[in-house]
1. Starting from the Cα of residue 26, draw a straight line to each of the lysines and keep only those under 24 Å, dropping any in the same chain fewer than 8 residues away.
2. How large is ³J(HN,Hα) for each residue in segment 2-7, as worked out from phi by the Karplus curve 6.51 cos²θ - 1.76 cosθ + 1.60 (θ = phi - 60°), to whole Hz, x for Gly and Pro?
3. Give the residue list of trypsin sites (Lys or Arg not before Pro) in segment 36-73 that are DSSP loop and have at most 12 other beta-carbon atoms within 10 angstrom.
4. Could you sort out which of 16/45; 11/45; 24/46; 11/120 sit more than 29 Å apart by Cα distance in this structure?
5. Springs between alpha-carbon pairs under 10 angstrom, Gaussian network model over the chain: which of 137, 88, 17 fluctuates most?
6. Over the chain, calculate the relative contact order: mean separation of alpha carbon pairs under 8 Å at least 6 apart, over the residue count, as a percent.
7. Which residue, chosen from 118, 129, 36, occupies the Cα position most advanced towards the positive end of the dipole of segment 6-131, where the dipole is computed from +1 (Lys, Arg) and -1 (Asp, Glu) charges on Cβ about the Cα centre?
8. Report Rg/Rh for the chain, rounded to two decimals, where Rg is the Cα radius of gyration and Rh the Kirkwood radius.
Amino acid sequence: MEKIRGFEIAKGFEGKGINLPVRKTKYSAGYDVEAAEDVIIPSFKKGTAPTLVKTGLKAYMPEDEVLFLYNRSSNPKKRGLIMANSVGVIDQDYYGNPDNDGHFMFAFYNIKEEDIEIKKGDCIGQAIFQKYLVADGDKAEGERLSGFGSTDQK
């Protein structure tokens, strides 16, 4: 089978019982993504950095696609979890980068008064592949040289 788009286990997570994301119904847009390990997300305090929840996954896709990471609709009410960046954007060239092999994570804040525990295997969010368009006159020629947050580095 030709590889077009999908998920793989990221380096360092082989043999750790990571489940590839699946859609639960035939009309679901999103693939449910699980936490790769147990993690505590502390109650928010001013100045607190978001907690990165590892997935143990990387994603491959065609050059004109992007993977968006979205929070589960139940997370804010049930767990008090909101994504620090509202929507995660995983570019096609993030896959296999030399820093982290393209391992994508979810960045959460906890707005509840108590710490929240995420267990390995808990569904933490959804991933949706989508086509994107490029504006007239676009001349982007840069190459990704590293991983998380690297596109703004000079």
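Taken together, the values in this text are just the output of simple stated rules run on the coordinates, not laboratory data. Note that the structure is predicted; figures quoted are calculated from it, not measured. So basically every Cβ, Gly included, is an ideal-geometry build from the backbone, and we count neighbours across all protein chains shown.
1. Within the straight-line limit of under 24 Å, residue 26 reaches these lysines: 3, 58, 131.
2. 6, 7, 10, 8, x, 10
3. Counting only loop positions with at most 12 other Cβ atoms within 10 Å, the trypsin sites (Lys or Arg not before Pro) in segment 36-73 are 45, 46.
4. 16/45; 11/45; 24/46
5. Result: 137 has the largest fluctuation of those listed.
6. In percent, rounded to a whole number, it is 31.
7. 118
8. Rounded to two decimals, Rg over Rh is 0.97.
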